[in-house]
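The values are calculated or read from the model by the stated rules, or taken from the named source; none is laboratory data. Since the model is a prediction, treat every value here as computed from it, not as a measurement. Every residue, glycine as well, gets a Cβ built from its backbone with ideal geometry; the counts of neighbours run over all protein chains shown. With ligands, DNA and RNA removed, areas are computed over all heavy atoms of the protein, side chains included. Shrake-Rupley method; radii C 1.70, N 1.55, O 1.52, S 1.80 Å.
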Amino acid sequence: MSNPVTAAVLFAAPILVAVLFWLLGWRERRVAGDAAAPSFVERNGRLVATYLFVAVAFWALFMIVWPLLYMVDYSFHRKLPPSRRGGPDDVYTLENYWYFVYGSTRVFTSYNWVHINAFWQTIAVSVVVTVANFALCYPLAYYMAQVARPGRLRVLLLLLIVPYWVNEILRAFAFMVLFGTGGTINKILLALGLISAPIDFIGQNVALYAGLTYAYLLLMVFPLYNAIESLDHNQIEAARDLGAPWWHIHLFVVMPFAKPGIASGCTLVFMLSAGALAAPLVLGGPKTLWFTPIVYDRFYQAFNWQQGSAYAIILLLTCVVFVMLMMRLFKVSLSEITR
Amino acid sequence: MSADVELDRVTIRFGHFTAVKTASLKIAGGEFFSLLGPSGCGKTTLLRTISGFLHPSEGSVRIGGEDMRRIEPNKRPTALIFQNLALFPLMTVAENIGYGLRVRGVGRAERKRRAEELLGLVALPDQGHKLVSELSGGQKQRVAIARALAVEPKVLLLDEPLSALDLKLRQHMRTELRAIQKRVGITFIYITHDQGEALTMSDRIAVMNHGVIEQVGTGREIYAHPRTPFVAAFVGENNGLPGQIAKVDAASAAIDTPFGTLVGRRGEGAAPGRAGTIFIRPESLRIAAAGETPSLEAELVTTAYEGSATHLFLRADDGRTITMTASNRDLAAVPAPGARIALVHDAAEAIVLATDAERPPA
């Protein structure tokens with residue numbers, strides 16, 4: 001790293017976080033007072049406990065916390081040739097963030113509309129994709145959880161899961177084949193005489209939205225399925241018996257009950273859509289502006305890792321804040337989602 | 001306000017399994033009617049058919065004279081109280097009670113007023129703001145009743161709602177339910193496998209077995225005049241002694257059993273030469289006085305003291321257990337276990353039923 005102090009902080013921070021959490025857990029056990037309960041080590045044996053602790057700690061620190069901290073650190077630095085790193089020019093700066101807003105690190109007269117538009121468009125389309133995904137998955141999940149017989153359920157699950165054995169990028173290409181101007185859908189529509197000229201699904205972003213919706217279908221279906229499955233079927237019948245029409249039952253009995261599942265499904269789909277890279281690259285039209293390819297270009301076309309980091313962090317923070325706001329709006333707590 | 005419910009030769013099949021066979025019933029408006037039977041006898045199936053969640057394979061259901069064919073549960077004048085109550089856990093007590101009204105477009109203030117009124121009716125005043133999870137079992141029970149009554153059903157259907165309560169509360173709720181029914185005056189159809197519940201609460205009872213309604217009558221009729229061996233054995237305690245019917249006259253029948261020839265009232269299908277069973281209630285047995293001809297003899301195994309009465313469990317010579325219940329006022333001394341005891345039965349309280357007969361139509 002650039003200077004020894006930063007490096008020390010970066011190394012120490014994850015360890016400090018881990019120790020802090022351990023202390024919190026220890027305190028909670030003290031306060032809860034269940035002294036007779038066997039400790040983690042006692043329950044699992046010294047060897048297994050050590051392995052688990054080391055494995056989880058390694059995974060969490062080296063795969064998640066550390067890279068993220070590095071990115072945060074990077075984002076506040078200038079891009080400098082190696083010879084000048086650690087020198088007097090290598091100071092903390094907001095330059096990379098200014099670049100996102102103004103398209104320049106020095107001149108703040110005009111805004112960087114291309115990137116800002118792409119950014120908000122990505123967020124907006126991700127919201128649309130999430131809503132579409134929910135609209136698609138809710139009936140399916142409800143059918144699987146409350147209506148389907150076990151045999152039918154197994155077939156459905158298989159039909160849902162098997163396509164995901166295919167690589168994500170290959171699936172995106174498959175959508176291109178489907179939606180291309182000479183693709184299957186256009187051929188069918190032309191053959192049926194419904195259209196006279198092929199529709200440019202890719203240029204209109206239809207292929208992209210469809211591809212994104214399909215890509216994270218399972219991440220919506222399963223949380224919904226889990227939540228709805230735990231609803232006592234008698235409650236649905238009770239509502240019906242009390243005179244409720246079907247939509248009322250869904251809106252006021254099933255959905256409030258499934259709210260944690262809905263929240264976790266929507267969060268996953270929204271986060272992953274906003275961060276999707278393969279689908280926009282493959283299915284995006286020539287005019288499509290998606291934010292993730294821009295971030296990618298910052299890293300690998302402009303070779304400006306510092307700026308790329310800043311862009312990635314802007315996307316990440318915005319998504320987190322947005323999800324938090326939504327959760328506050330719909331009165332869902334974080335602990336409910338992770339249940 | 002109330003409506004009569006009529007089942008006309010209702011048969012319900014699931015695939016090859018027939019859950020209810022040609023059941024016909026006429027339940028009068030305002031009646032407290034129980035369907036009594038062991039689990040799996042088809043009583044819940046019948047209830048779900050009345051409420052509209054199941055449709056009869058054959059026959060028809062009429063409520064207030066109107067054929068219910070193709071009328072969905074949400075359009076029927078019935079309300080069902082589920083065995084597990086199925087209260088909405090995320091709603092308050094008042095919201096639960098007001099749900100049916102909310103569906104009907106009743107305003108918030110009116111819903112609140114109705115909820116308070118109904119909570120008063122089920123003796124839970126000022127509990128409307130609580131969550132369902134904050135209530136005890138008996139309170140949840142009352143909320144479920146209030147929720148069902150809120151939509152002003154003509155018929156209230158109850159699917160063993162008391163089975164989850166402890167004994168004391170169950171007994172209390174029996175009286176309570178009966179009182180609520182009297183107050184609102186609507187038809188109650190109550191499902192239970194507990195004959196004590198059925199006997200204490202109901203105006204009339206239908207006893208079901210294997211999808212067939214075996215007998216319909218008041219509690220007294222069913223207890224004193226069972227028409228089938230199943231009813232005799234299922235409703236109340238009974239000692240059934242099988243044998244062959246020897247001779248019958250207008251009112252009584254004699255049956256040859258391994259214990260000798262015993263005499264009882266002439267029951268359904270009793271005719272000389274047929275296989276039959278004499279059913280003798282434990283309370284109509286007593287210890288023979290000196291010099292009296294005993295009906296049967298058995299060895300005392302154990303006794304159970306129950307305050308007002310003592311139960312004597314005896315083993316007959318063929319290994320059969322015979323139960324006798326004696327009021328403690330009449331029982332001078334309890335014999336010691338192992339003693340051989342001579343018993344007499346009251347022929348007017350015993351009944352001889354044919355067991356090889358076709359099931360008589362209910």
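Of note:
- Every pair of residues 6+ apart whose Cβ atoms lie under 7 Å, when the first sits in segment A:173-195 and is of a type in the set (Gly, Ala, Ser) while the second is open to solvent by less than 40 Å² (accessible area, probe 1.4 Å): A:Gly180/A:Ile202
- Qualifying positions in segment A:188-218 - assigned to a helix (DSSP H, G or I), out of contact with any helix residue (DSSP H, G or I) (no Cβ under 9 Å at 6 or more places or on another chain) and surrounded by 13 or more Cβ atoms within 10 Å (Cβ to Cβ): A:Leu189, A:Leu190
- When each of B:Thr187, B:Thr192 is tested for being closer than 26 Å to A:Ala244 by Cβ, hydroxyl-bearing (Ser, Thr, Tyr), away from chain A (no Cβ under 14 Å) and touching a Ser or Thr at 6+ places or on another chain (Cβ under 8 Å), the lone residue that passes is B:Thr187.
- Which listed residue is modelled with pLDDT of 85 or more and part of a loop (DSSP other than H, G, I, E, B), from A:Tyr74, A:Tyr97, A:Tyr138, A:Tyr111: A:Tyr111
- Looking across segment A:214-250, the residues that are within 12 Å of chain B (Cβ to nearest Cβ) and within 17 Å of A:Pro260 (Cα to Cα) come down to A:Ser230, A:Leu231, A:Asp232.
The rows are residues; the columns are (1) more than 14 Å from chain A (Cβ to nearest Cβ); (2) at pLDDT 95 or above; (3) surrounded by fewer than 20 Cβ atoms within 10 Å (Cβ to Cβ).
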site: B:Leu46; (1), (2), (3): yes, no, no
site: B:Thr49; (1), (2), (3): no, no, no
site: B:Gly52; (1), (2), (3): no, no, no
site: B:Gly64; (1), (2), (3): yes, no, yes
site: B:Ala86; (1), (2), (3): no, no, no
site: B:Val103; (1), (2), (3): no, no, yes
site: B:Val106; (1), (2), (3): no, no, yes
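- Residue, most open to solvent (accessible area, probe 1.4 Å), within segment B:287-303, restricted to residues that are outside any strand (DSSP E or B) and of a type outside the set (A, V, I, L, M, F, W, C): B:Thr293
- Check on A:Leu80, at pLDDT 80 or above, assigned to a loop (DSSP other than H, G, I, E, B), open to solvent by less than 60 Å² (accessible area, probe 1.4 Å) and closer than 25 Å to A:Ile294 by Cα: yes
The rows are residues; the columns are (1) open to solvent by 100 Å² or more (accessible area, probe 1.4 Å); (2) within 26 Å of A:Thr105 (Cα to Cα); (3) in a helix (DSSP H, G or I); (4) touching a strand residue (DSSP E or B) at 6+ places or on another chain (Cβ under 7 Å).
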| position | (1), (2), (3), (4) |
| --- | --- |
| A:Pro286 | yes, no, no, no |
| A:Val295 | no, yes, yes, no |
| A:Gln306 | no, yes, yes, no |
| A:Cys319 | no, yes, yes, no |
| A:Met326 | no, no, yes, no |
| A:Val332 | no, no, no, no |
| A:Glu336 | no, no, yes, no |
